[in-house]
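Structure record follows, encoded as structure tokens.
Throughout, read-outs are computed from the coordinates displayed, never taken from laboratory work. Note that the coordinates shown come from a computational prediction; the quantities given were computed from them, not determined experimentally. Note: ideal-geometry Cβ built from the backbone for every residue, glycine included; neighbour counts use all protein chains shown.
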Amino acid sequence: MQIFTKGLERLPAKVCEGAVERDLVIQVLPQARSAEEGASLRNTKYDFTFQCQVVTSSESSVWGRIWVRPVSKADWFERFQARHGEKTVRVSVDGVEALARFDAEDAFSAAYVPCASPAIPSYDASRNKDYAVIAEVEVSVYEHRKPTGATLRQPLTDIAYQLTKHVYKLAKCKPSRDFPEELPRYEDD
């Protein structure tokens, strides 16, 4: 009997409306017979949110939620640490910040880049609030051994970074910027 486990390889080369490379998803999810991906955008006067997920037939998934929100880099980092504790690693380049947390139970990554967007309500912009594109990405793997350490947190952070770049363009953030090809690599465990 042959079991087919090429479900992830059958996804488009870029998932989530072309935002994320399939190969990164393959690195964080176990093989499966089938997989589905999808994305949605909510763009109203008060909310700019992009969501993306890939779910496999074995109920493993990677999902991301990306917002344009009023938050300074310091407040974002403080909130992340308050929610996820001290077990985080951090990288940054050219104003882009990324954090990752992982343990035996969960893996989570986030990215931050400043953004001045036409989607920002004018009453907030006039208050000189700091706005940013914030991405949060999590992987859930059931009944399978998942990668750990840098093997997991690096591609998970790369997914968060690719989603951040995608939403930065969708939200028409200013100033226009050239994003680095990739974020600095985390140190090995």
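Fewest Cβ neighbours within 10 Å first, please rank Tyr168, Tyr186 accordingly.
So the ranking, lowest neighbour count to highest, is Tyr186, Tyr168.
Just list whichever of Lys45/Lys169; Lys87/Lys174; Lys6/Lys87 have alpha carbons separated by over 28 Å in the model shown.
Correct reply: Lys87/Lys174; Lys6/Lys87.
For each of Phe80, Phe102, count neighbouring Cβ atoms within 10 Å of the residue's Cβ, then give the residues from fewest to most.
Listing Phe80, Phe102 from fewest to most nearby Cβ atoms yields Phe80, Phe102.
Test of understanding: ordering Thr49, Thr56 by Cβ neighbours within 10 Å, fewest first, what list do you get?
Thr49, Thr56
What are the extents of the Cα atoms of the range 8-170 along their three principal axes, in Å, largest first?
Its Cα atoms span 51, 33, 24 Å along the three principal axes.
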